[in-house]
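Following: one structure in structure tokens, then a few remarks.
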Amino acid sequence: MSQRSFSRRSFIGNMGGLAAASKARAAENAVEQRRARALQIRNEAAGMQSQLPMPEHDVNGDEQRYQSRIANFSKGLLHNDRGEVEGQAYEDLLRAISSGKPEDFEAIPMSDPRNSRRLVNPQGGLAFDLQGADSHHLSIPPAPSLSSAEQAAEAVELYWQALARDIPFTEYDSHPLVQRAVADLNRLTGFRGPKNGVRVTVATLFRGFTTDDLAGPYVSQFLLKPIVYGMARRSSISAFTMRVQDWITSPTTTPGSAFRTACRRTNRISMSLAIDTYRPGVTWHPGCTRTCCFRPISMRAR
């Protein structure tokens, strides 16, 4: 083999190695550029978000207005025989929320001495979001006060829903009890539920409050099939509490145990949908008075 031939081959081989190394460096530079650009964008987004004005986090004043705390959240805490939260248990909850210490949350006295029923994510408000707006940069309107006309109207709606819980949705147009419910809600100045124009009708009764909730039948066909909820599989057959004592003790029992003492029905009536979404009409836990707990979202059209 000639020296000339050997040199030419060496040169070509070296050029190939240089090209491969150049491509590797280019790929590495692209990765670093992407890393730096991602950091820049995230910093800019975080900076922009931090400069937005903080919203007002209004309250309805019920916590200060009622020393018995009957209008505030107390599910799972110790309650007396009337279903009212024990004062010390509620104060311990406030203390834990104020301090943010895990040990204070662990010290909150719960209704179940075995601690099988626990508060769900009570420290969620203390966490920081790494994506989107921080939770404290968002707000929702306060629930209507317990003494307000709006809250009274929601209670009236709840009672009518309880009375009408065994009426099939297909009979709403003609059933006299439904007609009475419609007439009664139309007399309430504080009712903020769905209406057709300015009137409650049999087509809007007990529905949700967004535009699409008024479209279609009361029950989605999907509710006739089993529902996969996380690791659980929920049937369209439900069981319900029917005794006052079960209602009083429901915050002190394991989830669902108080609901297995009565009848079982398919989801063709509001009673079925209420229990499937932890809504009232059957089991309304003491202290749960938010608007969302009065109108079952499963009754909204899909």
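Rule-based calculations on the coordinates, nothing more; no lab input. Since this is a predicted model, take the numbers as computed values, not measurements. Note that we place each Cβ from the backbone using ideal geometry, even for glycine, and neighbour counts take in every protein chain shown.
What to note about this one:
- Neighbour counting of Cβ atoms within 10 Å sorts the residues 69, 118, 37, fewest neighbours leading, into 37, 118, 69.
- Relative contact order of the stretch 62-137, taken over Cα pairs closer than 8 Å and 6 or more residues apart, is 22 percent.
- Using R0 = 30 Å, the C-beta based FRET efficiency linking residue 131 and residue 97 works out to 0.80.
- Computed over the stretch 22-62, Cα set: Rg, Dmax in Å: 20.2, 70
- Centroid-to-centroid separation of the stretch 124-150 and the stretch 63-106 [C-alpha atoms, Å]: 19
- Kirkwood Rh and Cα Rg combined as Rg over Rh, evaluated for the stretch 62-137: 1.02
- In terms of other Cβ atoms within 10 Å, 44, 171 run from fewest to most in the order 44, 171.
- Prolate/oblate/rounded label for the stretch 40-79 (Cα gyration tensor, a/c 1.5): oblate
- Formal net charge of residues neighbouring residue 50 (Cβ-Cβ distance under 15 Å; K, R +1; D, E -1): -2
- If the segment from residue 198 to residue 186 were pulled out straight at 0.36 nm per residue, it would be longer than the present Cα-Cα gap by 3.4 nm.
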